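Have a look at the structure below before the remarks.
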Amino acid sequence: MFKLLSITLLTMMISPAWAAVIMIGDNDGYGAGIADNANHPPFTPIYDGRTPDEVAATNGAQYTDSYSTAHPGFSPQTGTTTTFSFTGLGSGWTSGSMWFDMADFQASTFGAVTTTYNGIAQNWSFNDGYPSTFVRYFDLAPDVITSINSLGYLDVVIERSGSGDFYGFDYALLSDNYADDTDPYNDPTIGVGVPEPATISMLFLGLALLIIKRKKLN
């Protein structure tokens, strides 16, 4: 029995220990109860449906529930760069996906935004029209997975200085599974970091050693 329990603990120690998904934002329909993949009321460019926590956030939630997300002179935010930061990711990633609940991207009319994952360029030439929302998901490419394992974090940077588009986000979500294996509505960890695998590993190692010691005493 002790041998089986020890093996189980060691297996858990070796396995990735981060949460299945991390969400930045609160999936509340842009602060207005708007359904996914649907039309919304015609917001003015200074629409701001953020909660106080979102306003005070620094990980990217400050860019959710506002319209436009980053548009100087019109948006609740200043500047032209939006950054969603997912931290504490460890180094054991073998797959992953990104999800975004986004609104009103019109690249063909106003120009595409420039988007990178840890500095790696992504194709974001979306044309959804106004006033439409769209939940998109993307499997992470191998070079992005490698960068996560090397850096321990994922920064999604969206730069709109070359675009005149207004747009918004309800949430951004990172999963350690492929998109087809991810349920973004299954109790995600909202707006918080992920446990460091090394910390969890030390816990299980300590438990395993206690069990082995007890077995020897018996």
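Given the conditions (1) within 19 Å of PHE166 (Cβ to Cβ); (2) crowded, with 23+ Cβ neighbours inside 10 Å, report the number of the one that ILE24 does not fulfil.
ILE24 satisfies every listed condition except (1).
I'd like the residue in the stretch 40-64 that is part of a loop (DSSP other than H, G, I, E, B) and more than 18 Å from GLY129 (Cα to Cα) and, out of all such residues, is modelled with the lowest pLDDT.
Initially, the stretch 40-64 is screened for residues part of a loop (DSSP other than H, G, I, E, B), giving 40-46, 49-51, 57-60.
Those left that are additionally more than 18 Å from GLY129 (Cα to Cα): 46, 49-51, 57-60.
Working: ILE46: 91, GLY49: 94, ARG50: 95, THR51: 94, ALA57: 96, THR58: 95, ASN59: 96, GLY60: 96.
So, considering only residues that are part of a loop (DSSP other than H, G, I, E, B) and more than 18 Å from GLY129 (Cα to Cα), the one modelled with the lowest pLDDT is ILE46.
From the list PHE134, PHE100, which one is over 15 Å from the mean Cα position of the chain (by Cα), assigned to a strand (DSSP E or B) and either of a type outside the set (S, T, N, Q) or not assigned by TED's automatic domain parsing to the domain that holds GLY33 (or both)? First the steps, then the outcome.
Numbers: PHE100 fails: over 15 Å from the mean Cα position of the chain (by Cα).
After ruling out the rest, the residue left standing is PHE134.
Does the stretch 115-130 contain at least one residue that is within 21 Å of THR78 (Cβ to Cβ) and part of a strand (DSSP E or B)? Steps first, please.
Our first condition is that a residue be within 21 Å of THR78 (Cβ to Cβ); within the stretch 115-130, this holds for 115-116.
Among the residues that remain, those that are also part of a strand (DSSP E or B) are: 115-116.
So far as the stretch 115-130 goes, yes, one or more of its residues are within 21 Å of THR78 (Cβ to Cβ) and part of a strand (DSSP E or B).
With the structure loaded, tell me whether ARG136 is buried (at least 23 other Cβ atoms within 10 Å of the Cβ) and basic (Lys, Arg) or whether it fails that test.
Values: buried (at least 23 other Cβ atoms within 10 Å of the Cβ): no; basic (Lys, Arg): yes.
In short, no.
Picking from GLY79, GLY119, which residue would you name as being of a type outside the set (Ser, Thr, Tyr) and under 16 Å from SER163 (Cα atoms)? It would help to see each step written out before you state the result.
Details: GLY119 fails: under 16 Å from SER163 (Cα atoms).
Only one candidate passes the filter, namely GLY79.
The values are calculated or read from the model by the stated rules, or taken from the named source; none is laboratory data. These numbers come from a predicted model, not from an experiment. Neighbour counts are summed over all protein chains in view; Cβ atoms, including those assigned to glycine, are modelled from backbone coordinates with ideal geometry.
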